[in-house]
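Participant: I'd like to ask you about the structure that follows.
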Amino acid sequence: MERIRDLASQKAVVIFTKSSCCMCHSIKALFYDLGASPAIHELDQDENGREMELALRGLGSNPTVPCVFIGGQFVGTTKAVITLHVDGTLKQMLINAKAIWF
């Protein structure tokens, strides 16, 4: 859990993903389209990926990927991110976290 918190606080936007996950690809593309440059951690490419996946589940991330943190705070998975994007909140969160400048 400590490694997740450390990684999540190292950049304004952090996304935990798996390289084979189509929803992960879509969420990464959304953040890039919004002008953010997230830190991406591919759990299936990390030797500690399984432990990190269990820690993400412990935070309430279900499914475990994609798991998004903005400003060091757990935001959620695909459903939460898309909901925030549709209602216009996501962009303001990115501005507040200094992930984008608009």
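The values are calculated or read from the model by the stated rules, or taken from the named source; none is laboratory data. Note that this is a predicted model, so its numbers are computed, not measured. Here the Cβ is made from the backbone with ideal geometry for all residues, glycine too, and neighbour counts use every protein chain on show. Keep in mind that these areas ignore ligands, DNA and RNA; they rest on the heavy atoms of the full protein, side chains included. Shrake-Rupley method; radii C 1.70, N 1.55, O 1.52, S 1.80 Å.
Participant: Probe radius 1.4 Å, ligands and nucleic acids ignored: give me the carbon and sulfur share of the accessible area of the chain as a rounded percent. Walk me through the intermediate numbers first.
Facilitator: Working: 2940 of 5620 Å².
Roughly 52 percent of what the probe reaches on the chain is carbon or sulfur.
Participant: If you restrict to DSSP beta bridges whose two residues both lie in the chain, what percentage is antiparallel, to the nearest 5?
Facilitator: Working: 7 of 11 bridges.
Counting only bridges with both partners in the chain, antiparallel ones make up about 65 percent.
Participant: Please determine, in degrees from 0 to 90 and to the nearest 10, the orientation of helix 49-59 with respect to the longest principal axis defined by the Cα atoms of the chain, where the helix direction is its Cα long axis.
Facilitator: 60
Participant: Report, largest value first, the span of the C-alpha coordinates of the chain along each principal axis, in whole Å.
Facilitator: 37, 25, 21
Participant: Pairs of lysine in the chain with Cα under 16 Å and at least 8 positions apart or on different chains: total? List each step's numbers first, then the result.
Facilitator: Details: Lys11/Lys28; Lys11/Lys98; Lys18/Lys28; Lys28/Lys79; Lys28/Lys91; Lys79/Lys91.
Qualifying lysine pairs in the chain: 6.
Participant: Which of the GluC sites (Glu not before Pro) found in segment 47-100 are in a DSSP loop and have at most 15 neighbouring Cβ atoms, other than their own, within 10 Å? Could you put the intermediate results ahead of the total?
Facilitator: Values: sites: Glu47, Glu51, Glu53; in loops: Glu47.
When the GluC sites (Glu not before Pro) of segment 47-100 are filtered for loop state and at most 15 Cβ neighbours within 10 Å, Glu47 remain.
Participant: How much area per residue is accessible in the chain when the probe is 1.4 Å and only protein heavy atoms are counted (Å²)?
Facilitator: So the chain comes to 55 Å² accessible per residue, rounded to a whole number.
Participant: If you take the charge dipole of the chain about its Cα centre, with +1 on Lys and Arg Cβ and -1 on Asp and Glu Cβ, which of His25, Ile15, Gln92 is farthest toward its positive end?
Facilitator: Result: Gln92.
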